[in-house]
1. Give the number of residues within the stretch 319-343 that are under 30 Å from Glu209 (Cβ atoms) and assigned to a loop (DSSP other than H, G, I, E, B).
2. Report, ordered by the first and then the second residue, all pairs with beta carbons closer than 7 Å, sequence separation of six or more or different chains, a first member in the stretch 59-74 that is farther than 22 Å from Thr324 by Cα, and a second member that is open to solvent by less than 50 Å² (accessible area, probe 1.4 Å) and of a type outside the set (Ser, Thr, Tyr).
3. Taking Ile77, is it surrounded by 13 or more Cβ atoms within 10 Å (Cβ to Cβ) and modelled with pLDDT of 80 or more?
4. Take the residues in the stretch 313-354 that are among the β-branched types (Val, Ile, Thr) and in contact with a helix residue (DSSP H, G or I) (Cβ under 9 Å, 6 or more places away or on another chain); name whichever of them is nearest to Val216 (Cα to Cα).
5. Residue by residue through the stretch 184-202, note down the ones that are in a helix (DSSP H, G or I) and among the polar types (S, T, N, Q).
6. Among the residues of the stretch 344-361, is any free of Cβ contacts under 8 Å to residues at least 24 places away in the same chain, closer than 30 Å to Glu203 by Cβ and either open to solvent by 20 Å² or more (accessible area, probe 1.4 Å) or not in a strand (DSSP E or B) (or both)?
7. For the stretch 166-205, name all the residues that are open to solvent by 50 Å² or more (accessible area, probe 1.4 Å) and over 30 Å from Gln65 (Cβ atoms).
8. I need a count of the residues in the stretch 230-268 that are small (Gly, Ala, Ser) and closer than 17 Å to Lys347 by Cα.
Amino acid sequence: MRRPKYHFIILCMLLTLLLYSSLHPHGIIYADPVVPLDEETRQMLEKSLSIVEIDSEIERISQRQTEMAIEQDQLEIELLQKRNQIKDKQDRAGAIVRSYYMGERDFLYSAFLSVKNISGLLIIYGYYEIIMNNDKEVLNTYQSEYVDLQIMQKKIAQNSVELDEMKHNLIKQRERVLALQQSVDGSLQTSSDPEAMQKMMNEFTLYWENVGLYEVKRHFRALSSAMKDLPEFVQNTKGIIQAKGSTYTINITEDQLNSFLRSKDDLFNNFSFHFDNDVISASGKSGGISITIEGNYNIVNDPENGIMFHVSKLIFNNLELPDTTRLALEEEFDLGFYPQKLISFVKATDVKISTNLLHIILKLSM
């Protein structure tokens, strides 16, 4: 008879646990660590998270470096094969060019002049056409192969530069991690309770790796998905686009952007964008997680014209994440706006952010 009471108690315990914890997408429950108020502890936790994130970047760079080294070796093999393949075509093409230069094809013209009837003329013309087409095919094939060879040589040179940059970046990131680790170790030694501090850092690291990173990526993924539909929203919202001669302007307010995002995903019900003096900020809080993003828009033309969002600051639960995390997220998720998907014959030439307003200038693309 008392079984329902126990069921009610267990249910209350589970609800309480869920209220004070975050549920990982794979079903594992992690307690929300409380962000410390004192600046020294906050900085230590920030550095420890930076170590984790830069370590991830080092691993990514190392993996990419290995892949590119293998790719470079394969390209070198293919280049050698291509050079051997092209040598025969080069000799044949050279012989054809020399034959024209030395007058070795003059016999064809002589044959034409010596023909005394139509049937003979047609036979000579047939031979002439076969020879000319064959010469043309050999020369075109050589030219095509030579262009491919040049492209491959450029790619090898570019890969070599990228490998050198990766090597330099790897050394730089390892130096950063070492400096951060030394700073954290020094702070731990002077801490009144090193074990408690180490435990706190471990908890924050675990929470970030299993909950925080997932949530941050979830927000970026939702933003990236919504931005694909922004041109359609701009086109269908009266007053956003204005035309004057060959110039078009787009003016989007905070309220318009926030309304658009909330119509695309309920995740943005607790997440708001703000425009103010060349800076776009977005912040939100849900349960024990708070996220703040700051950045700006820049015009880009490669690989296509657009307005790209660059993250200048990323804060998770009052802890600022390093540049490596920001750059990795920018690389993984496209938050750009492409005006040519709105009007095919225009290019974005300027973007300005003022209080409550995003202002984009478009010009006719000739």
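1. Narrowing the stretch 319-343 to residues under 30 Å from Glu209 (Cβ atoms): 319-336.
Narrowing the set further to residues that are assigned to a loop (DSSP other than H, G, I, E, B) leaves 321-322, 333-336.
Here the count works out to 6.
2. If the second residue must be open to solvent by less than 50 Å² (accessible area, probe 1.4 Å) and of a type outside the set (Ser, Thr, Tyr), the pairs left are Ala69/Leu163; Glu71/Asn159; Gln72/Ile156; Gln72/Asn159; Gln72/Leu163.
3. Numbers: surrounded by 13 or more Cβ atoms within 10 Å (Cβ to Cβ): no; modelled with pLDDT of 80 or more: yes.
No; evaluated as a whole, the condition is false for this residue.
4. Looking only at the stretch 313-354, we keep the residues that are among the β-branched types (Val, Ile, Thr), and these are 315, 324-325, 343, 346, 349, 351, 353.
Still in the list and also in contact with a helix residue (DSSP H, G or I) (Cβ under 9 Å, 6 or more places away or on another chain): 324-325, 343, 346.
Working: Thr324: 14, Thr325: 10, Ile343: 32, Val346: 34 Å.
For the stretch 313-354, the residue satisfying everything is Thr325.
5. Those that are in a helix (DSSP H, G or I) and among the polar types (S, T, N, Q): Ser187, Gln189, Thr190, Gln198, Asn202.
6. Within the stretch 344-361, the first condition is being free of Cβ contacts under 8 Å to residues at least 24 places away in the same chain, and the residues that meet it are 344-345.
Retained after the next criterion (residues that are closer than 30 Å to Glu203 by Cβ): none.
No, the conditions are met nowhere in the stretch 344-361.
7. Residues satisfying the conditions are Gln189, Thr190, Ser192, Asp193, Pro194, Glu195, Gln198, Lys199, Met200, Glu203.
8. The initial filter retains those residues of the stretch 230-268 that are small (Gly, Ala, Ser), namely 239, 243, 245-246, 259, 263.
Now drop any that are not closer than 17 Å to Lys347 by Cα, which leaves 243, 245-246.
Result for the stretch 230-268: 3.
The values are calculated or read from the model by the stated rules, or taken from the named source; none is laboratory data. These numbers come from a predicted model, not from an experiment. Cβ atoms come from the backbone with ideal geometry, glycine included; neighbour counts cover every protein chain shown. Remember, those area values only see protein heavy atoms, side chains included, never the ligands or the DNA or RNA. Shrake-Rupley method; radii C 1.70, N 1.55, O 1.52, S 1.80 Å.
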